[in-house]
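Following: one structure in structure tokens, then a few remarks.
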Amino acid sequence: MRTSMNEKQNVLIVDDESSIRDMVQLSLELAGFRVRQAANAREAHGMILDSRPDIVLLDWMMPETSGFELLRRLRKDEMTADLPVIMLTARVEEGNRVQGLEGGADDYVTKPFSPRELIARIRALLRRIATPEESSVVDAGGLKLDPLAHRVYADGRPLTMGPTEFRLLQFLMTHPERAYSRSQLLDHVWGANVYIDERTVDVHVRRLRKALEPAAAGQFDFGTFIQTVRGTGYRFSSQGSGG
């Protein structure tokens, strides 16, 4: 169940460094959030299953089980597949950022970070998720999206995807046969005032296509509905593959 934007939202900080957890918790509590801490992935996983937070701040590098491995586990579980996650990491290389996003992160913040920027990113992500959606079910070529149930079905089979992929698919399905640039998709899906690189769109498109792959077992790959428009960006079309 989603928390109303008028209520205090619950944040889970997962980091093996207590000084970072305490610093982030203080900043978030001053900003009006409720905060819990976990020192490792195993503890965090139990806390998430016991009492689901509104958002998770997840450190990549932790002993035993890494944050990245926990993220992959969360995304494979239908109960936590749509849980908003921001990765916190000292890895600054573009390849690591792409790996984190492709692994299921909704955003990526590198250490050291400004608490103000982190809070802005948290609020931006929660705002995207809390934005009222069109209530009409969208159906195209056997692919059905139900905004109220927050479900996607391919030929009647439920699919699992993260919140950003759901919103991206919803926008494209409700605006079919029109090509959108990466910057336009950022404005419509992520919001105009977010700190996200345009290449992030490519990562989420790949994740969306992968989420649609299970429907391909048998006769059709619904991932082909998400078409690359060379020199422009992407479009949704159920009329056949493009690109």
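Go through the stretch 165-192 and give me each residue that's at pLDDT below 90 and over 20 Å from L145 (Cα atoms).
S183, Q184, L186, D187, G191, A192
Would you mention how many residues in the stretch 93-123 are in a helix (DSSP H, G or I) and either buried (at least 19 other Cβ atoms within 10 Å of the Cβ) or at pLDDT below 85 (or both)?
Total meeting the criteria: 12.
Any residue in the stretch 167-181 that's of a type in the set (V, I, T): show its pairings with residues that are part of a loop (DSSP other than H, G, I, E, B) and surrounded by fewer than 19 Cβ atoms within 10 Å (Cβ to Cβ) at Cβ separation under 9 Å, as long as the two are six or more apart or on different chains.
Close Cβ pairs satisfying both conditions: T174/E134; T174/S136.
Being crowded, with 21+ Cβ neighbours inside 10 Å and under 24 Å from F166 (Cα atoms) narrows it down to one residue among L49, L88; which is it? If you could, list the steps in order and put the result at the bottom.
Numbers: L49 fails: crowded, with 21+ Cβ neighbours inside 10 Å.
Testing whether each residue is crowded, with 21+ Cβ neighbours inside 10 Å and under 24 Å from F166 (Cα atoms) leaves just L88.
Quick one: would you say R230 is in contact with a Leu (Cβ under 8 Å, 6 or more places away or on another chain) and modelled with pLDDT of 80 or more?
No: the conditions fail for R230.
Return the residues of the stretch 221-239 that are of a type in the set (A, V, I, L, M) and within 12 Å of S181 (Cβ to Cβ); say none if nothing qualifies.
V229
The values are calculated or read from the model by the stated rules, or taken from the named source; none is laboratory data. What you are looking at is a predicted structure, and each value in this text was computed from that prediction instead of being measured. Note that we place each Cβ from the backbone using ideal geometry, even for glycine, and neighbour counts take in every protein chain shown.
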